[in-house]
1. Would you mind stating whether Ile102 is farther than 15 Å from Ile7 by Cβ and either modelled with pLDDT of 90 or more or in contact with a Gly (Cβ under 6 Å, 6 or more places away or on another chain) (or both)?
2. Could you list, in sequence order, all residues of region 106-127 that are surrounded by fewer than 16 Cβ atoms within 10 Å (Cβ to Cβ) and of a type outside the set (A, V, I, L, M)?
3. What single numbered condition from (1) surrounded by fewer than 18 Cβ atoms within 10 Å (Cβ to Cβ); (2) in contact with a strand residue (DSSP E or B) (Cβ under 7 Å, 6 or more places away or on another chain) fails to hold for Glu81?
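The values are calculated or read from the model by the stated rules, or taken from the named source; none is laboratory data. All values derive from a computational prediction rather than experimental measurement. Ideal geometry is used to build each Cβ from the backbone, glycine not excepted, and the neighbour counts take in all protein chains shown.
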Amino acid sequence: MARILWIEDEARDQLIEYLGPLMRDGHTIDIAEDASEGYIRLQESEYDVVICDLLIKAGDDFNMGDKYPGLSLLTRLFDGEHDILIPTKRIMVFTVVNSEEIIKNIRLLGITNIHLKERMEKTMLKKYVDEILLNTRN
């Protein structure tokens, strides 16, 4: 079974809709409700999959003026100055943000798993997580 971190400020409301199928499969799911909490959890634990929204709260360690605190978090992970090592293929951006410029910035970080919430069936999250797990087996 996999350990999953979902960085999403509305996760508790969406938990059953999106993550119910993953929980039924026996995966462990941790929720971080803002960018700071997500960063701390990534420092403290290792995850098989990280699901990150872009439109989340900043928390104490990120600029509250950032339009997309989730993007700021992802950028910090790969800026070369922090000691969190997570392969980009284990990260999925799961958001309603549909901006070519923002998607380009995410791809420049090396993250290719980008999915829009409003354009998918609720059960598709499990399919995408299963694909990540399959593609990241050692």
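1. So Ile102 passes the test.
2. Within region 106-127, Arg107, Gly110, Thr112, His115, Glu118, Arg119, Glu121, Lys122, Thr123, Lys127 meet the criteria.
3. The failed condition is (2).
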